[in-house]
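First up is the structure itself, then whatever we jot down about it.
The values are calculated or read from the model by the stated rules, or taken from the named source; none is laboratory data. Model, not experiment: these values are computed from the prediction. As a convention, Cβ positions derive from the backbone with ideal geometry for all residues, glycine included, and neighbour counts pool all protein chains shown. All accessible areas refer to the heavy atoms of the entire protein, side chains included, with ligands and DNA or RNA removed. Shrake-Rupley method; radii C 1.70, N 1.55, O 1.52, S 1.80 Å.
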Amino acid sequence: MKSDMAERAPWLIRRIPAGGVDKIQNLMDNLHLHTVCQSASCPNQGECFHSGTATFMILGGICTRGCRFCGVPKGKPQPVDSAEPKNVAIAVKAMELKHAVVTSVTRDDLPDGGAAQFSACIREIRAQCPDTTIEILTPDFAGNGDSLAIVLAERPEVFNHNVETVPRLYPQVRPQANYQQSLEVLRKAAKAKIEWVKSGLMLGLGETEAEVISVLEELRSMGVNSLTMGQYLRPTREHLPAVDYVHPDRFKALETEAYRLGFGHVASGPLVRSSYHAGDVFR
């Protein structure tokens, strides 16, 4: 019998490439690193590992927030690993990455929210891999402007912070986050004249077309020029169920609308994720 997803959204069923997964997994294990690919149960993990890439997740593997869409484990986090920035750079060099993406769990327990660790990772990657472009996907630092400034001072080529969903759904989807606070993070990144300021949305949580367009307009007004939109997929039965599976044609229509609004780069499709083919922005 076919699964419900297979019947309702056959475009989400894909063949996972073989080979290359163990090599990346062993590298991460040996360097005591985490990837969001594994922790968040990304549907593209097999493809990305097979092609020799991954998204690094720093500040440990435990998040202090309980977002109801995210598969990253929640609870009491581990102490910050001082060797982590250097190990991330070692992995970037070993993988010969032309574009490195670094994200993190949210660390509301830290005074700076982990900003210093982001900064250290950027510096280490640049020291060991000076030709590699860097993309960071940060939390909101609980609205701490000083923490955000620490990261922006390193001037990554891409600064990413996801709004994730429309403001009406924040109480259900991101109960410990604030939509306006996320917009302010993006506004400050654009004001700092970072080359690419990026954000992303998950669709399929019950948002309306008008609400999505409104968010796109607000993101552009904040100075966001790169956008991702993908299908929300429930990580486990403990997480929010998907309300609907959005057809690829709708993603394409939203991509067209985003370009009309002035975004410089848009990735929109059912299996698109924040860091999926992230380096395409430079091509």
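Would you kindly calculate the mean projected area, averaged across all directions, of the convex hull enclosing the Cα atoms of region 182-253, in square nanometres?
Result: a mean projected hull area of 5.6 nm².
Over what distance in Å are the Cα centres of region 89-119 and region 130-195 separated?
Centre-to-centre (Cα) distance: 14 Å.
Given the DSSP H assignment, sum -39500 (n - 2.57) over each helix run of at least 4 residues in the chain and divide by its residue total; what's the result at 222 nm in deg cm²/dmol, nearest 500?
That calculation yields -10500 deg cm²/dmol at 222 nm.
Extension gain residue 108-residue 30, at 0.36 nm per residue separation less the Cα-Cα distance, in nm?
25.3 nm
Round to a whole number: what % of the accessible area of the chain belongs to carbon and sulfur, probe 1.4 Å?
Accessible surface attributable to carbon and sulfur in the chain totals 52 percent.
Magnitude of the Cβ-charge dipole of the chain, K/R +1 and D/E -1, about the Cα centre, nearest 20 debye?
Around 160 debye, computed over the chain.
How far apart, in nanometres, would the label points at residue 195 and residue 144 be if each is projected 7 angstrom from Cα along the Cα-to-Cβ direction?
Modelled inter-label distance: 2.9 nm.
Excluding ligands, DNA and RNA, what is the solvent-accessible area per residue of the chain at a probe of 1.4 Å, expressed in Å²?
Averaged over the residues of the chain, the accessible area is 45 Å².
Through the Karplus equation 6.51 cos²θ - 1.76 cosθ + 1.60, θ set to phi - 60°, convert the phi angles of region 131-144 into ³J(HN,Hα) values in whole Hz; use x for Gly and Pro.
Working through the residues one at a time gives 8, 8, 6, 10, 10, 10, 10, 9, x, 8, 6, 6, x, 6 Hz.
Give the average over all directions of the projected area of the C-alpha convex hull of region 119-273, one decimal, in nm².
So the Cα hull casts an average projection of 9.6 nm².
What nm value, rounded to one decimal, do you get for the distance between residue 236 and residue 68 when each label is placed 7 Å out toward the C-beta?
Reported label-point gap for residue 236 and residue 68 is 1.7 nm.
Which entry in (i) 17.8, 54; (ii) 17.4, 50; (iii) 22.8, 88 is this structure's computed Rg and Dmax of the Cα atoms in Å?
The value matching this structure is (i).
Would you mind computing, in nm to one decimal, how far apart the modelled labels at residue 153 and residue 253 are, each placed 7 Å from Cα along Cα→Cβ?
4.7
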